[in-house]
1. Testing the spin-label approximation: label points 7 Å from Cα along Cα→Cβ at I161 and E25. State their distance in nm.
2. Out of all DSSP beta bridges in the chain, what portion is antiparallel? Express it as a percent rounded to 5.
3. Under the 0.36 nm per residue contour assumption, what length would be gained going from the current alpha-carbon distance of D80 and I213 to full extension?
4. Set the bar at 27 Å for Cα to Cα. Now go through K3/K183; K86/K146; K183/K216 and name every pair that lies beyond it.
5. Going Cα to Cα from K189, which lysines come in below 19 Å? Please leave out same-chain ones fewer than 8 positions away.
6. Using all alpha carbons of segment 5-208, what is the percent of pairwise distances in each 10 Å bin, ordered from the shortest bin to the longest?
7. Please list, short to long, the whole-number percent of alpha-carbon pairs of segment 38-142 in consecutive 10 angstrom bins beginning at zero.
8. Of L132, L58, L187, which is the most mobile in a GNM of the chain whose springs link Cα atoms less than 10 angstrom apart?
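We did not get these values from a lab; they are worked out from the coordinates using the rules stated. Bear in mind the structure is a predicted one, so any value in this text is a computation, not a measurement. Heads up, the Cβs are rebuilt from the backbone with ideal geometry, glycines too, and the neighbour counts pull from every protein chain shown.
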Amino acid sequence: MRKINIAIDGPSGVGKSSISNRLAEHNHMTHLDTGAMYRCVALAIRQNDVALDDEMALQRLLDTIRISFDGPVVYLNGNDVTEAIKVNEISNFTSKIATIPMVRERMVALQQKATEPKNFIVDGRDIGTTVLPDAEVKIFLSASPKARAERRYNEYVEKGIESDYETIYQDIVARDYQDTHRKVSPLRKADDAIEVDTSDLTIDEVEEVVQDIIDKAL
Ligand code: C5P
């Protein structure tokens, strides 16, 4: 079977990671979670107290940072940060540092190099438009902010994490705004991407629809 790369883009909380994990397993491909990479940069900036306007310090940090994955486990400079990068404060800060051109240039270069051998499912915001404009399959997952907030709220309830629906909803709306309005590589559907609106679909149904699209490309 020919080796391909698959780009999966879409807004926060649309289920890109879960779908990408499932598809990677089913198709014997490797999942690259680019959001986790930006989250690692955000955490490293916080840990090292780097001021966002200090270009030299930021450059140094980007030069020395090591991000690696072992399945779902994310390592920053050798330390397991899988949970630390998911806290709300880091999520919001990530959207902010993801607007810095120097950060994006570095992440895009790393992502392009990592996926050169093909056989990757890459999820993010700018994969179909900027990172892998020649990806053999491009999917744009969408869902209304309300549907995404409800999913996240139910996820927290299931895990026993205390949360407030209204705050989750407002965070999603704010991150959407930041992701779609930034100057460099804003979130947008690539012209040749196939949009799948997941608002009224279960995760199994989304997987089925996307798998169908992949099968046609193989
Ligand atoms: O996908 P995830 O929610 O983990 O991404 C965290 C943040 O990283 C997003 O809100 C977005 O601002 C940024 N991001 C990005 N480009 C990507 C992936 C994520 O700007 N390719």
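1. With each label placed 7 Å out from Cα toward Cβ, I get 2.0 nm.
2. Working: 6 of 22 bridges.
Percent antiparallel among DSSP bridges in the chain is about 25.
3. On the way: separation 133, 0.36 × 133 = 47.88 nm, distance 3.45 nm.
So the chain would gain 44.4 nm between D80 and I213.
4. On the way: K3/K183 33 Å; K86/K146 21 Å; K183/K216 35 Å.
Listed pairs above 27 Å: K3/K183; K183/K216.
5. Answer for K189, where 19 Å is the Cα cut-off: K16, K138, listed by chain and number.
6. With a bin width of 10 Å, the distribution comes to 8, 35, 40, 16, 1.
7. The percentages, shortest bin first, are 13, 44, 36, 7, 0.
8. Between L132, L58, L187, it is L58 that shows the largest mean-square fluctuation.
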